[in-house]
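The values are calculated or read from the model by the stated rules, or taken from the named source; none is laboratory data. What you see is a predicted model, and the numbers here were worked out from it, not measured in a lab. Heads up, the Cβs are rebuilt from the backbone with ideal geometry, glycines too, and the neighbour counts pull from every protein chain shown. Heavy atoms of the whole protein, side chains included, go into the accessibility calculation; ligands, DNA and RNA do not. Shrake-Rupley method; radii C 1.70, N 1.55, O 1.52, S 1.80 Å.
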Amino acid sequence: QVQLVESGGGLVQAGGSLRLSCAASGRTFLNYGMSWFRQAPGQDRKFVAGINWNSGESAHADSAKGRFTISRDNSKNTVHLQMNSLKPEDTAVYYCARRDGGISVSRDQYTNWGQGTQVTVSS
């Protein structure tokens, strides 16, 4: 069983930055994908960014390109999401997710989820 624990959310003003972290523990494999999704009130959970743990290949949603960067720390089994130039529309609960076999933008493809961390961007 894999456990995912997110941290780093909080309240920030528009234009500010936050860095989210997700620590993975338990049974893991080399070839898997770790991604961040977010869910705003009344909306579906949407893909933000993902990274292939083995290759380091990453993907970012259009809404995140140029502002957010996903990265991994192999030694700590941790994935980070650096978020810069935050906007009020980035306000959401951010979830870390894991799946075997690489990145997918579909939430249904992920088998493990963290508890979520709230990000609130004030205008």
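Within the accessible area of the stretch 1-108, the carbon and sulfur atoms contribute 44%, probe 1.4 Å, all protein chains present. Legend: residues L81, L18, sorted from most to least accessible area (1.4 Å probe; ligands, DNA and RNA excluded), read L18, L81. Straightening the chain between A23 and D73 buys 17.0 nm, computed as 0.36 nm per residue apart minus the Cα-Cα spacing.
Expressed as a fraction of 2.2 N^0.38 Å, the value expected for a compact globular protein of N residues, the C-alpha radius of gyration of the stretch 42-81 is 1.27. Can you give the accessible area of K76, probe radius 1.4 Å, in Å² rounded to 10? Approximately 140 Å² for this residue. A simple spin-label model places the labels of D62 and S123 2.2 nm from each other, with each point 7 Å out along Cα-to-Cβ. List the aspartates and glutamates whose alpha-carbon lies under 16 Å from that of K46, not counting same-chain residues fewer than 8 positions away? Partners within reach: D62, E89, D90, D108.
Here each label is just a point 7 Å from Cα along the line to Cβ, and for E89 and T111 those points are 3.6 nm apart. Radius of gyration over Kirkwood radius for the stretch 12-56, both on Cα atoms: the Rg/Rh ratio is 1.06.
Here the dipole of the chain is about 100 debye; that uses its Cα centre as origin and unit charges on the Cβ of Lys and Arg (positive) and Asp and Glu (negative). The average projected area of the chain, computed from the convex hull of its Cα atoms over all directions, is 6.8 nm².
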